[in-house]
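To start, the structure itself, in structure tokens.
The values are calculated or read from the model by the stated rules, or taken from the named source; none is laboratory data. What you see is a predicted model, and the numbers here were worked out from it, not measured in a lab. Ideal geometry is used to build each Cβ from the backbone, glycine not excepted, and the neighbour counts take in all protein chains shown. These area figures cover heavy atoms from the full protein model, side chains too; ligands, DNA and RNA do not enter into them. Shrake-Rupley method; radii C 1.70, N 1.55, O 1.52, S 1.80 Å.
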There are 2 protein chains.
Amino acid sequence: MAVTDEAIEKIKSMIVSGALRPGSRLPKESELAADLGLSRNSLREAVRALSLIRILDVRQGDGTYVTSLDPQLLLEALSFVVDFHRDDTVLEFLAVRRILEPAATALAAPLITEGQLDALSRQLDELGEDPPVEDLVAADLEFHRGIVRSCGNSVLCSLLDGLSGPTTRARVWRGLTQEDAVGRTLREHRAILAALRDRDAEAARSWATVHIASVEQWLRSTL
Amino acid sequence: MAVTDEAIEKIKSMIVSGALRPGSRLPKESELAADLGLSRNSLREAVRALSLIRILDVRQGDGTYVTSLDPQLLLEALSFVVDFHRDDTVLEFLAVRRILEPAATALAAPLITEGQLDALSRQLDELGEDPPVEDLVAADLEFHRGIVRSCGNSVLCSLLDGLSGPTTRARVWRGLTQEDAVGRTLREHRAILAALRDRDAEAARSWATVHIASVEQWLRSTL
DNA sequence: TGCGGCACAGACGTCCGATGTATCCGCCCA
DNA sequence: TGGGCGGATACATCGGACGTCTGTGCCGCA
């Protein structure tokens, strides 16, 4: 195995084993390179790779630190990876989202606060009846994120965040080409909110399913 | 932004835009470095980072290539990230798996072939009634993977593969400490198989839910 | 005494050039 | 025609030098 790969593994094991705790600082590059028995250049490649996926946080002039390792942070890297998927796999991502999002919405039903529901309602109202497509899609993303954040499971929340990215483009196309997509989206959003206000988890789940399925159906008929 | 980060972005955009297609070869390091306006060392850091998450495949003595970008391949990197999560988030991962796995199992019901079902049955039989815990856990992983692979959605399949890792350890503890965990697991596996043979998606979904919920419940009571 | 600016030290950022090593491929020989 | 050898190519690794940024403490001013 290449020395850089070895270094990645060693740093990983130092973290997993607990020798390096979240937030703790690594020895400076030259020292760590000497400890691990490689050059600073090669070590830097390892550090750079780990920082891309948010395991390490390097701060110029300061030092290199282990991140908090929060699920939220680590799964953020997922969206980077997801960006590379080609359009022909959007349907598969959407299918996964169709499984997760209704479940997350149902979980949020008993947990989301009145204040958060009010904020979501307000955002919907501010959007108006006939917003530009870009605004709608942005609001759509924010709407679902707002609900999912209240599902009580940060892994689930981050996963959905990462998966929602690639389907965003699909929604843009849809808004541009399908009649009444805007009105339909807004109506479905209001229905989801109403179900949440009633603390009706099953209704919320169903509306979320319907909401995503309509996008999925449209996309399937288009491709 | 650092030149290396710029390079990562540029390479990414070259791939996303289609200038670099899956399987195509990148210019050699020195040329690419010159094109992007940075040194070979810094470029190497960018390439190394992208190869860690399976975007690029570098072959010594040959060249650097864009991978197939299959969801399966890219989500493999997920398990690397997941390894870093501490034990206190296992429950959250398990909760997500509890959502996805029953859905995947239900999806597999109409798709899985008789041959595959036979193979899974055979593996269960070969395991015997009272296998060592390690064997059971390995077989458990293989069992679920075998089913999920037939769900017709490679994104879902890879995602579950990545998420199943961290819960594995939990299952080991359980097998070691809980009375009859082995027998219960085997019975539940047989029930899932029977439901699949009947092409009864709902029954399969329910058994899968029960199966994972029992692990979850045990874990929750233990922590 | 308290505050703000400045200078220094430490650590990461970037680059260069050289050398090692694996792979590919064409030439040569049997 | 088949197989082995060697050159060309490209990645792997190294050591060192210099730039740039950050944190910190000293020092002077109010």
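In table form, for the structure just shown:
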item	result
Single match in B:ALA46, B:ALA7 (criterion: closer than 25 Å to A:ASP57 by Cα, within 16 Å of DNA strand D (Cβ to nearest atom) and either polar (S, T, N, Q) or out of contact with any Leu (no Cβ under 6 Å at 6 or more places or on another chain) (or both))	B:ALA46
Extreme residue, nearest to DNA strand C (Cβ to nearest atom), among residues of segment B:1-25 that are hydrophobic (A, V, I, L, M, F, W, C) and under 28 Å from the mean Cα position of the chain (by Cα)	B:ILE8
Residue within segment A:90-110 that is assigned to a loop (DSSP other than H, G, I, E, B) and either away from DNA strand C (no atom under 16 Å from the Cβ) or closer than 30 Å to A:VAL182 by Cβ (or both) present	yes
In segment A:87-98, residue least open to solvent (accessible area, probe 1.4 Å) [restricted to those that are at the interface with chain B (Cβ under 9 Å from one of its Cβ atoms) and modelled with pLDDT under 90]	A:THR89
Residues satisfying the stated conditions in segment B:55-70, i.e. out of contact with any strand residue (DSSP E or B) (no Cβ under 9 Å at 6 or more places or on another chain) and within 9 Å of DNA strand C (Cβ to nearest atom)	B:GLN60, B:GLY61
Segment B:37-54, residues that are near DNA strand C (Cβ under 9 Å from one of its atoms) and either hydroxyl-bearing (Ser, Thr, Tyr) or more than 8 Å from every other protein chain (Cβ to nearest Cβ) (or both)	B:GLY37, B:LEU38, B:SER39, B:ARG40, B:SER42, B:LEU43
Filtered residues of segment A:1-36 (kept if open to solvent by 60 Å² or more (accessible area, probe 1.4 Å), assigned to a helix (DSSP H, G or I) and either in contact with a Phe, Trp or Tyr (Cβ under 8 Å, 6 or more places away or on another chain) or more than 11 Å from chain B (Cβ to nearest Cβ) (or both))	A:VAL3, A:GLU6, A:LYS10, A:VAL16, A:SER30, A:GLU31, A:ALA34, A:ASP35
Residues (closer than 21 Å to B:ALA46 by Cα and more than 10 Å from chain B (Cβ to nearest Cβ)) located in segment A:55-70	A:LEU56, A:ASP57, A:ARG59, A:GLY61, A:GLY63, A:THR64, A:TYR65
Yes/no for B:PRO132 being at pLDDT below 95 and in the same structural domain as B:SER206 (by TED's automatic domain parsing)	yes
Test for A:LEU26: is it touching a strand residue (DSSP E or B) at 6+ places or on another chain (Cβ under 6 Å) and either over 27 Å from B:LEU159 (Cα atoms) or away from DNA strand D (no atom under 16 Å from the Cβ) (or both)	yes
Flag if A:LEU73 is away from DNA strand C (no atom under 16 Å from the Cβ), more than 7 Å from chain B (Cβ to nearest Cβ) and not hydroxyl-bearing (Ser, Thr, Tyr)	yes
Matching entry among A:ARG54, A:ARG40 (being surrounded by fewer than 16 Cβ atoms within 10 Å (Cβ to Cβ) and modelled with pLDDT of 95 or more)	A:ARG40
Looking only at segment A:198-223, and only at residues there that are modelled with pLDDT under 95 and among the charged types (D, E, K, R), the one that is most open to solvent (accessible area, probe 1.4 Å)	A:ARG220
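Yes/no per residue for (1) under 16 Å from the mean Cα position of the chain (by Cα); (2) surrounded by fewer than 21 Cβ atoms within 10 Å (Cβ to Cβ):
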residue: B:HIS85; (1), (2): yes, yes
residue: B:LEU100; (1), (2): yes, no
residue: B:LEU107; (1), (2): no, no
residue: B:THR113; (1), (2): no, yes
residue: B:LEU117; (1), (2): no, yes
residue: B:ASP125; (1), (2): no, yes
residue: B:ASP130; (1), (2): no, yes
residue: B:VAL133; (1), (2): no, yes
